[in-house]
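Here's the structure we're looking at; comments come further down.
The values are calculated or read from the model by the stated rules, or taken from the named source; none is laboratory data. In this text, all values refer to a predicted model and were calculated from it rather than measured experimentally. Cβ atoms come from the backbone with ideal geometry, glycine included; neighbour counts cover every protein chain shown.
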Amino acid sequence: MSTARECASASSPGTALRTFLEQVVVAGAEAHELSHRLGGSAGEIERAVAEPVADLDRELGHLLRAAKDAGAVSPELDQAALAAVIAAAHAAYTHRSGGVAAMAIVFDGLFGAPD
């Protein structure tokens, strides 16, 4: 998975944010599957990921601000709403008939369909 900083070098802030969000959803689905297979308790998992999640939130904030400044997403979109969009994309991606195409539909609603 590319880092948020690597995605930020994309041709546009909107592309950077969308690319990173897609990677977050796919990696998140893989992480959920791994944690399920390992069978750790929710508290253990939350403690283990607290720092990386804080870093992720910070980087998403930077990418979101740049995308808003560029007009790629609504100026009203905040990090709480973005978290809800990520959750919706995750649900679409992991649904038994979902996958990348279903995730793309969710993100198309945020960014518009890519050219």
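A few remarks follow.
- Cross-chain or 6+ apart pairs with Cβ under 8 Å, segment 91-115 first and closer than 23 Å to Ala67 by Cβ, then among the hydroxyl-bearing types (Ser, Thr, Tyr): Val100/Tyr93; Ala102/Tyr93; Met103/Tyr93
- Residue satisfying condition, being modelled with pLDDT under 70, closer than 19 Å to Ala91 by Cβ and acidic (Asp, Glu), within set Glu30, Glu44: Glu30
- Count of residues meeting criterion [loosely packed, with under 12 Cβ neighbours inside 10 Å and more than 21 Å from Ala54 (Cβ to Cβ)] in segment 80-99: 3
- When residues of segment 61-115 are limited to those that are acidic (Asp, Glu) and assigned to a helix (DSSP H, G or I), the one nearest to the chain's Cα centre (by Cα): Asp108
- Between Leu77, Leu21, the distinction of being at pLDDT 70 or above, in contact with a Leu (Cβ under 9 Å, 6 or more places away or on another chain), surrounded by fewer than 17 Cβ atoms within 10 Å (Cβ to Cβ) and under 24 Å from Phe111 (Cα atoms) belongs to Leu77 only.
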